[in-house]
Amino acid sequence: MKSIRLKPGKERSLLRRHPWVFDGAVARGSADPGETVRIDSHEGEFLAWGAYSPASKIRVRAWSFEQAQRIDAAFFRDTLRRAIALRERMGIASNGLRLVHGESDGLPGLVVDRYGDTLVAQFGAAGVERWKDVIADALLDITGCPRLYERSDASVRALEGLPEVTGWLRGDGPTAFELQEHGWRLGLDIALGHKTGYYLDQRDSRLALHEYTRRLGFGQVLNCFSYTGGFSVAALAGGAGHVTSIDSSGPALEQVRVNLTLNGLDESRATFLDADVNASLRRFVAEGRQFDAIVLDPPKLAPTAAHAERAARAYKDINRLAFKLLPPGGVLFTFSCSGGIGVELFHKIVASAGVDAGVDAAILGRLGGACDHPMTVTFPEGEYLKGLILMRKL
Ligand code: SAH
């Protein structure tokens, strides 16, 4: 077994059970991509077993902090079984859910979503790439699903020196799927959609918008970065008068239209804008438009902490514009899915956007990723999705 020796003092984060070892922390030792290594402190004490990744800044990702643990097929089967059992225990009322959420489930780099009896997996790090076959077999075995589609086309693969791979890894079948979320029907395609086909992490936030719409009776709703319109369906099904969906992806907007029809929602209550959100918000401000509720769910603007400053300006800009479009009593649902922007920083950005817009707002609630995208105290990066519900004061 190969081993990695850390530089003096660099054992602290592993001792706190944070699973990442950065390249700068390694004093000596190397291994093949994904190979299991023993990680020792500078003094030679065992810290963890991990997967080595020669191309990545995150040089080693820990599998286990127990010296007696063997990293073998049984380890993966057991860890997967526990992650999947946790979701069963959560009793999520949807036929689409996340079964494995990477580091937060003890499997760094692995994402597995289940859509009906089809699994979709993303192997985002050298370690899980090396154990791909074992993981795929175990997943089919544990879930009883006959097929698994690989969506290893996320940009993180390049950081790990891995090529993009997509296609059926086990079995095959249709890639189109009809998700049933909160009783709404939402079409998606696991091969063509973003991520594994859908943003399952926003399930609870869509329900929150739905409930607010029912209670407050929003007339005009603006859904920015709508993708396939999960929030648009939620608002219309809650009785919103009219929903404007903006996205820069034509196919995503086409799917919004399909999803409205699937739910028996009248297209006359909808506007679809294939446009840039920032430019559209500016135009609406110039035109003096107002919206009773606005959803701002931008893509990941700061994938890592290094991008945080520039991203902070971009977040502030769209939030400032959105505040200007809210009448008194109007409600803003604003999100950030950037791992590089923490909860506190996000709150500061939104607060200063409000100040710049000259709008005083009350926080009605906080939102986060759905429970099948768990967070753990040892891995704060897992809390990537955060949101605020704000009401413009009267
Ligand atoms: N709210 C969605 C998920 C949003 S993902 C849901 O609940 O499913 C972010 C979306 O922003 C993507 O669909 C992407 O196409 C779109 N997008 C990215 N940059 C954009 C821009 N500058 N203007 C408009 N849309 C953009």
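The values are calculated or read from the model by the stated rules, or taken from the named source; none is laboratory data. Nothing here was measured: the structure is a model prediction, and the numbers come from that model. Backbone-built Cβ (ideal geometry, glycine too); neighbour counts: all protein chains shown. Surface areas here come from the heavy atoms of the whole protein model, side chains and all, with no ligands, DNA or RNA. Shrake-Rupley method; radii C 1.70, N 1.55, O 1.52, S 1.80 Å.
Figures for the structure shown
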| read-out | value |
| --- | --- |
| Members of region 191-206 found to be of a type in the set (G, A, S) and either more than 9 Å from the ligand (Cβ to nearest atom) or surrounded by fewer than 19 Cβ atoms within 10 Å (Cβ to Cβ) (or both), listed by number | A191, G193, G197 |
| Lone unmet requirement of (1) more than 15 Å from the ligand (Cβ to nearest atom); (2) of a type outside the set (F, W, Y); (3) surrounded by fewer than 18 Cβ atoms within 10 Å (Cβ to Cβ); (4) modelled with pLDDT of 95 or more for V343 | (4) |
| Number of the condition not met by L209 [criteria: (1) touching a Phe, Trp or Tyr at 6+ places or on another chain (Cβ under 7 Å); (2) open to solvent by less than 40 Å² (accessible area, probe 1.4 Å); (3) away from the ligand (no atom under 12 Å from the Cβ)] | (3) |
| Residues that are at pLDDT below 95 and of a type in the set (K, R), drawn from region 156-194 | R157 |
| Conditions (1) within 16 Å of the ligand (Cβ to nearest atom); (2) open to solvent by less than 30 Å² (accessible area, probe 1.4 Å); (3) more than 21 Å from L207 (Cβ to Cβ); number of the one not met by H373 | (3) |
| Single unsatisfied condition, I318 versus (1) open to solvent by 40 Å² or more (accessible area, probe 1.4 Å); (2) part of a helix (DSSP H, G or I); (3) within 10 Å of the ligand (Cβ to nearest atom) | (1) |
| First in region 1-24 and within 19 Å of M375 (Cβ to Cβ) and open to solvent by less than 40 Å² (accessible area, probe 1.4 Å), second anywhere and among the β-branched types (V, I, T) and not in a strand (DSSP E or B), Cβ under 9 Å, 6 or more apart | H18/T378; P19/T378 |
| Within region 36-79, tally of residues that are open to solvent by 20 Å² or more (accessible area, probe 1.4 Å), in contact (Cβ under 8 Å) with a residue 24 or more places away in the chain and farther than 25 Å from P8 by Cβ | 4 |
| Yes/no for P299 being within 16 Å of the ligand (Cβ to nearest atom) and surrounded by 15 or more Cβ atoms within 10 Å (Cβ to Cβ) | no |
| Count - residues of region 264-290 that are within 25 Å of L186 (Cα to Cα) and either open to solvent by less than 20 Å² (accessible area, probe 1.4 Å) or more than 13 Å from the ligand (Cβ to nearest atom) (or both) | 9 |
| Evaluation of P328 against (1) touching a Leu at 6+ places or on another chain (Cβ under 6 Å); (2) within 16 Å of the ligand (Cβ to nearest atom); (3) touching a residue at least 40 places away in the same chain (Cβ under 8 Å) (one fails), failing number | (2) |
| Scan of region 25-35 for residues that are open to solvent by 30 Å² or more (accessible area, probe 1.4 Å), in contact (Cβ under 8 Å) with a residue 24 or more places away in the chain and over 18 Å from E129 (Cα atoms), ordered by number | R28, G29 |
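Residues checked against (1) in a strand (DSSP E or B); (2) hydrophobic (A, V, I, L, M, F, W, C):
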{"site": "L97", "(1), (2)": "yes, yes"}
{"site": "R114", "(1), (2)": "yes, no"}
{"site": "D133", "(1), (2)": "no, no"}
{"site": "L140", "(1), (2)": "no, yes"}
{"site": "L148", "(1), (2)": "yes, yes"}
{"site": "A154", "(1), (2)": "no, yes"}
